[in-house]
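The values are calculated or read from the model by the stated rules, or taken from the named source; none is laboratory data. Since the structure is predicted, the reported quantities are computational estimates derived from the model, not experimental observations. FYI the Cβ positions are ideal-geometry reconstructions off the backbone, even for glycines, and counts take in every protein chain you see. For accessibility, only protein heavy atoms count, side chains too; no ligands or nucleic acids. Shrake-Rupley method; radii C 1.70, N 1.55, O 1.52, S 1.80 Å.
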Amino acid sequence: MEISNLQSRPDMADIIASRCWNAWWTETEVSLAEYRAHLEPMMGGEDVPVALVAHEQGEYLGSVLLIENDLDDRPQYMPWIAALWVEPEFRRQGIAAKLIEAARREAAFHGYGLCHLCATPDNSPYYVARGFEQIETDVSGLNVFTIKS
C-alpha cells in the first residue's frame, strides 16, 4: 500500500469526491460536482488544503483531507483532518490510522503543531484510541479533538 498526495494521483479525484459526497454531503445543497470542484486546489496548491490517497496497484483504498476548516462553529482552529474514508472491504487493516498519520506529517510539514478533527459521538472512541484528545463536546452534534502534528 502507498499513500500519495492527490497532486501525484489526480486520477483518484473523482473517486474521492464520490465517496466523500455520498458519505457526508448527499442531504445538503452541495452537489457532487460542487464537492468535486473543492478538490481542485488540492491538486495544484503548495499549502493546506491537501488530499491524501491510499492505493495499491492502482486501486483506491481510502483517503483523507487536511483542510482549513471542517466546523463552521470553530473557525479559530486550523488545520483539520477531515473526510477520512476507507473502502469497506479494506477496513480494519490499519489504513485509516496510516492516513491519519500521513495527514499529521503533512500538517507538520506546513508548520502546524496541532491538527483538529470533529467526529460524531459514535465515532469518537476510535479517535481517542489513536491519541486524539477531546477538547469539546456537542458542538453542532460533534465532538472536537486535537492531536499533535
With the checklist (1) open to solvent by 40 Å² or more (accessible area, probe 1.4 Å); (2) closer than 18 Å to A108 by Cα; (3) touching a Ser or Thr at 6+ places or on another chain (Cβ under 7 Å) in hand, flag the one item W85 doesn't pass.
(2)
Looking at the range 11-31, can you tell me whether even one residue there is at pLDDT below 95, touching a helix residue (DSSP H, G or I) at 6+ places or on another chain (Cβ under 9 Å), farther than 24 Å from N143 by Cα and open to solvent by 40 Å² or more (accessible area, probe 1.4 Å)?
no
So, of the residues in the range 58-76 that are open to solvent by 30 Å² or more (accessible area, probe 1.4 Å) and over 20 Å from N123 (Cα atoms), which turns out to be nearest to the chain's Cα centre (by Cα)?
E68
Meets criteria (within 14 Å of the chain's Cα centre (by Cα) and of a type in the set (A, V, I, L, M, F, W, C)) for L84
yes
Which condition number does G94 fail, the rest of (1) open to solvent by 40 Å² or more (accessible area, probe 1.4 Å); (2) at positive phi being met?
(1)
If you go through the range 100-137 one residue at a time, how many are closer than 14 Å to V50 by Cα and either part of a helix (DSSP H, G or I) or open to solvent by 70 Å² or more (accessible area, probe 1.4 Å) (or both)?
10
Failed condition for K148, given (1) under 16 Å from the mean Cα position of the chain (by Cα); (2) surrounded by 14 or more Cβ atoms within 10 Å (Cβ to Cβ):
(2)
Output for the range 72-99, where each listed residue is farther than 18 Å from A23 by Cβ and either in a helix (DSSP H, G or I) or hydroxyl-bearing (S, T, Y) (or both)
Y77, A97, K98
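For the range 33-57, what are the residues that are open to solvent by 50 Å² or more (accessible area, probe 1.4 Å), farther than 19 Å from D70 by Cβ and outside any strand (DSSP E or B)?
A33, G44, E46, Q57
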